[in-house]
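I have placed the structure first, in the form of structure tokens, so that the comments after it can refer back to it.
Bear in mind these aren't lab numbers, they're just calculated from the coordinates by the rules spelled out. Small disclaimer: the values here were computed from a predicted structure and weren't measured. Positions of Cβ are backbone-derived with ideal geometry, glycine not excepted, and every protein chain shown enters the neighbour counts.
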Amino acid sequence: MFSYPVRIALIAALGGFLFGFETIVISGAEKTLMKLWELSPFWLGFTVASSLLGTVLGSLVVGVPARIYGRKKVLQAIAILYVLSAIGCASVSAWLLFILFRFMSGIAVGASSVVGPMYISEISPAQLRGRLAGSFQLNIVGGICVAYLTNFLFVGMGDEAWRWMLGIMVVPAGLFWILLRIIPESPRWLILNNREAEAVPIMQRLQEVDIPGAITAIRESVKTHQENLFQARYAKPILYAVLLAMFNQLSGINAILYYAPRIFEMAGFSKEDAYLQPVYIGAANLVFTLLAMTVIDKFGRKTLLLIGSLGMILFLGLTAYAFRDPAHLGGNVLIYLIGYIAFFAFSQGAVIWVFISEIFPNSVRSQGGALGSFTHWIMAAIISWTFPIIVSGSEMGGYYSFVFYSGMMLLQLLFIWKVMPETKGRSLEEIQKELGIE
């Protein structure tokens, strides 16, 4: 059976499932909502991006309560937000109320993207941290896959199908809240808040070999628990986290995931097939994330990113070519996008939350995680808001979009190759020393 660290990491990672499900489920409803509320491409983009705007806020502010109240309590609050937003989005008929509940769900996603990986990285043994922190990403893609599947299953239910698509999330959200009751608080957070007596038995169950040494290392790595992130000595981790988060979205991932049925209709698929093809996308995402999780602690973060960058450059370029030449649309677009998703899942998708959760020292980890997540989500909002405007404004909109994404992956390749450090197999304190942060 799974060891104790693995069990509690997997429970915390369920927040990633809700993260993935919530962000993608709108893809099945966006065209119906466009007709229901007679939205222009601009306001459709805003409706889709409204959740992402909440995500930006959630990722920006959650570092403070995570530092003050602890990781566990904040995760429980996130679960409640997921439940309320699912009920709200499925039951309202007014556009403004729908935006409000989408914004609320976005806050939950943003907060989850910071606190989930943070908690997992802090309870994981060094030799398992890449795989356990990566389980959060695995749950994200699992949520994406299930959202595409439920959208396909509900699409035939008529004009109210969108309510079922959005409301079904209440089931995993309720389960997440229940399971969170049995996990412990992060021992690192307890130590940083002078509660060592509570931390020691948890560390024993987490199979920490040298508990006094670990406590000393954690304390020595923190001069002040409320230290300001924006100092010159933290310039390197800030640079790495911000650039990696930006490139994650400049790959076009959220435009493709959020508007997958629309993209396939642009490629000539029927409505029913346009909802079926994203299921294959979601399945490829899940399979290659699983593959990445098996090798991330062996090959390292940097190697995966280099391989992924090369593959994404190729398949995004092929997708752009397909939209430029109608003879290459249809089935070729599905093949190219599956290729793109495979390389994204194997690299950026698997690495981003692992890397951001481990690159910052203890004293500023909550702030650093919030910064990386904030950058990721503000870029996601921009990409998702502008995509329907671009593709609706020009017959060549699809071509221009994918050319841009491919070019951004070329820049990412240079950044990973020349600048980004490797962090595999090192304790969080060792990473801090190797970055020259004393």
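Which value results for Rg/Rh of the range 1-139 when Rg is the Cα radius of gyration and Rh the Kirkwood radius based on the inverse mean 1/r? Walk me through the numbers before you get to the answer.
Details: Rg = 16.5 Å, Rh = 15.7 Å.
Ratio of gyration radius to Kirkwood radius: 1.05.
Rounded to two decimals, the Cα-based Rg/Rh of the range 265-418, with Kirkwood Rh, is 1.00. Helical content alone sets the calculated 222 nm signal of the chain at -25500 deg cm²/dmol, taking -39,500 (n - 2.57) per DSSP H segment of four or more residues and averaging over every residue.
Ellipsoid fit via the Cα gyration tensor, the range 278-369: semi-axes of 31, 13, 11 Å, each the root of five times an eigenvalue, largest first. Each residue in ASP297, ASP159, ASP273 was given a count of other beta-carbon atoms within 10 angstrom of its own, and listing them fewest first yields ASP159, ASP273, ASP297.
Gain in length, ARG181 to ARG205, computed as 0.36 nm per residue apart minus the alpha-carbon separation, to one decimal in nm?
Numbers: separation 24, 0.36 × 24 = 8.64 nm, distance 1.70 nm.
Once the chain is fully extended between ARG181 and ARG205, it gains 6.9 nm.
Distance between the modelled labels on GLN127 and VAL287, one decimal in nanometres: 3.2 nm (7 Å Cα→Cβ projection).
Two decimals is fine: what's Rg over Rh for the range 139-225, C-alpha atoms, Kirkwood radius as Rh? Don't skip to the answer; put the middle values down first.
Working: Rg = 21.3 Å, Rh = 16.6 Å.
My calculation of the ratio gives 1.28.
For the chain, the Kirkwood estimate of the hydrodynamic radius, built from every pair of different alpha carbons, is 21.7 Å.
Only Cα pairs under 8 Å and 6+ residues apart enter the sum, and on that basis the relative contact order of the chain stands at 26 percent. Taking the fewest neighbouring Cβ atoms within 10 Å as the starting point, the ordered list for PHE46, PHE402, PHE264 is PHE46, PHE264, PHE402.
Once the Cα gyration tensor of the range 251-328 is found, what semi-axes does its equivalent ellipsoid get, as square roots of 5 times the eigenvalues, in whole Å, sorted largest first? Before the final figure, lay out the partial values.
Details: eigenvalues 151, 52, 15 Å².
Value: 27, 16, 9 Å, ordered largest first.
For the chain, excluding the exposed loop sites themselves (trypsin sites (Lys or Arg not before Pro), DSSP loop, at most 11 other Cβ atoms within 10 Å), the longest remaining stretch covers 224-438.
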